[in-house]
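J.: Structure provided below as structure tokens; questions to follow.
The values are calculated or read from the model by the stated rules, or taken from the named source; none is laboratory data. The model shown is predicted, which means the values in this text are computed figures rather than measured ones. Don't worry about glycine lacking a Cβ; one is built from the backbone with ideal geometry, like all the others, and counts go over all protein chains shown. Areas reflect the complete protein model, heavy atoms only, side chains present, ligands, DNA and RNA absent. Shrake-Rupley method; radii C 1.70, N 1.55, O 1.52, S 1.80 Å.
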Amino acid sequence: MHKYHTQIFLHQTDAAGRLFFACQFYLMHEALEKLNESVGLPIQAMLGYPGMTFPLVHAESDYDSILVAGDRIIVEVGVEKIGNTSVAFAYRIKKEDGTLVGSGKTVSVCVDIKTQKKIPVPKEWREKYSKALIHPH
């Protein structure tokens, strides 16, 4: 799994001083962009891929422990599954001491820009994402 090191900032907390729930998705997405870079799919290449877009179509998140401003964390992300038209990503969020504080999953689908229909994951993306499979087959 790719590891993204960061911390919780004050602007990411709610009135109770805890991580605002939506910010966990923000952290997961940052980690995903870093994973994409590490496998050779930087955001510019993805956004500029001809005739295709890769929208997020599913997101889920669990919160196992409280995070507050200043907490240093590691967001681990890997490819859970590469389907015909989609890629599923799994996330684990841990404090620096290894304590699991959250987890999540997102799924993105390849979509033809003109028809707005699902299309197969490009071969080169499939090859790059296979490097980040959590449990390679």
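J.: Can you tell me how many residues within segment 35-56 are within 12 Å of Phe89 (Cβ to Cβ) and open to solvent by 70 Å² or more (accessible area, probe 1.4 Å)?
T.: 1
J.: Related question: Could you list all residues from segment 95-125 that are in contact with a strand residue (DSSP E or B) (Cβ under 6 Å, 6 or more places away or on another chain) and open to solvent by 80 Å² or more (accessible area, probe 1.4 Å)?
T.: Glu96, Ile113, Lys118 - these are the residues of segment 95-125 that are in contact with a strand residue (DSSP E or B) (Cβ under 6 Å, 6 or more places away or on another chain) and open to solvent by 80 Å² or more (accessible area, probe 1.4 Å).
J.: Got a number for residues in segment 72-120 being closer than 25 Å to Leu19 by Cα, in contact (Cβ under 8 Å) with a residue 40 or more places away in the chain and more than 16 Å from the chain's Cα centre (by Cα)?
T.: Looking only at that region, the number is 1.
J.: Then there's this: Kindly list the number of the only condition in (1) open to solvent by 30 Å² or more (accessible area, probe 1.4 Å); (2) in contact with a strand residue (DSSP E or B) (Cβ under 7 Å, 6 or more places away or on another chain); (3) of a type in the set (S, T, N, Q) that fails for Asn84.
T.: The one condition Asn84 does not meet is (2).
J.: Looking only at segment 15-34, filter to residues that are touching a helix residue (DSSP H, G or I) at 6+ places or on another chain (Cβ under 8 Å) and not in a helix (DSSP H, G or I); which one of those is surrounded by the most Cβ atoms within 10 Å (Cβ to Cβ)?
T.: Leu19
J.: Collect the residues in segment 13-25 that are farther than 15 Å from Lys95 by Cβ and either touching a residue at least 60 places away in the same chain (Cβ under 8 Å) or of a type in the set (S, T, N, Q) (or both), keeping them in residue-number order.
T.: Thr13, Phe25
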